[in-house]
Each structure stands twice: as structure tokens, then as C-alpha cells.
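As C-alpha cells, the structure follows; a few thoughts come after it.
The values are calculated or read from the model by the stated rules, or taken from the named source; none is laboratory data. Since this is a predicted model, take the numbers as computed values, not measurements. Note that we place each Cβ from the backbone using ideal geometry, even for glycine, and neighbour counts take in every protein chain shown.
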Amino acid sequence: MKDSIDNPVEFNILVTERELRYFISCGIALIQNVPEDSLPTYCGLSNNEIIDVSMRLREFADRKGIEI
């Protein structure tokens, strides 16, 4: 079965605020700098999936009071 962002599996990880900012900014940088049709090959996610993941991470950061 193919992984999907619509069927998440829960993981517990520890990251610093700086690392969380990195994950958020890298997702946005990918969609700005990699051609859309190359994204699935490059990172395994589509443009919309990258936006969704980045937004969920951003919402988490906002809830924790972490400035991006």
C-alpha cells in the first residue's frame, strides 16, 4: 500500500524550534524551486501535499507559540 498524507501514522519525535522552522521552510522552498512535475520524483509528494504538510507543521508551531 502506498503511503498517503491522508492516512497518517502517529510518530513521536523531538525536534528543536530551529529544526521545526527548517522543516517548514524546506517544504515551501521545494515548491518554489523545483518544477511541479518533478516534485513527486524528487521528494515523493505533490505540490498540494507539500503545502498541506507545511501548513500542518506551521499550525503546530503557532499553537506552541513558535515564531517562524
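A Cβ distance below 8 Å, combined with a sequence gap of six or more or placement on separate chains, defines the contacts here; from the range 48-68, residues that are more than 19 Å from N33 (Cβ to Cβ) and aromatic (F, W, Y) reach residues that are at pLDDT 95 or above and surrounded by 13 or more Cβ atoms within 10 Å (Cβ to Cβ) in the pairs F60/L20.
Of the residues examined, Y22 is not one that is exposed (fewer than 15 other Cβ atoms within 10 Å of the Cβ), modelled with pLDDT under 95 and not β-branched (V, I, T). Does E49 qualify as being loosely packed, with under 12 Cβ neighbours inside 10 Å and under 12 Å from the mean Cα position of the chain (by Cα)? So E49 does not fit the description; no.
Condition check ((1) surrounded by 10 or more Cβ atoms within 10 Å (Cβ to Cβ); (2) of a type in the set (F, W, Y); (3) at pLDDT below 95) across all residues:
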residue: K2; (1), (2), (3): no, no, yes
residue: N7; (1), (2), (3): no, no, yes
residue: N12; (1), (2), (3): no, no, yes
residue: R18; (1), (2), (3): no, no, no
residue: I28; (1), (2), (3): yes, no, yes
residue: V34; (1), (2), (3): yes, no, no
residue: P40; (1), (2), (3): yes, no, yes
residue: G44; (1), (2), (3): yes, no, yes
residue: G65; (1), (2), (3): no, no, no
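The set of residues in the range 33-68 that are closer than 15 Å to R21 by Cα and hydroxyl-bearing (S, T, Y) contains only S54. For the range 44-68, what are the residues that are in a loop (DSSP other than H, G, I, E, B) and out of contact with any Pro (no Cβ under 7 Å at 6 or more places or on another chain)? Listed by number, the residues that qualify are G44, L45, K64, G65, I66, E67, I68.
Taken over the range 4-43, the residue count meeting the criterion of being in a loop (DSSP other than H, G, I, E, B) and either under 22 Å from E67 (Cβ atoms) or without any contact (Cβ under 8 Å) to a residue 12 or more places away in the chain (or both) is 14.
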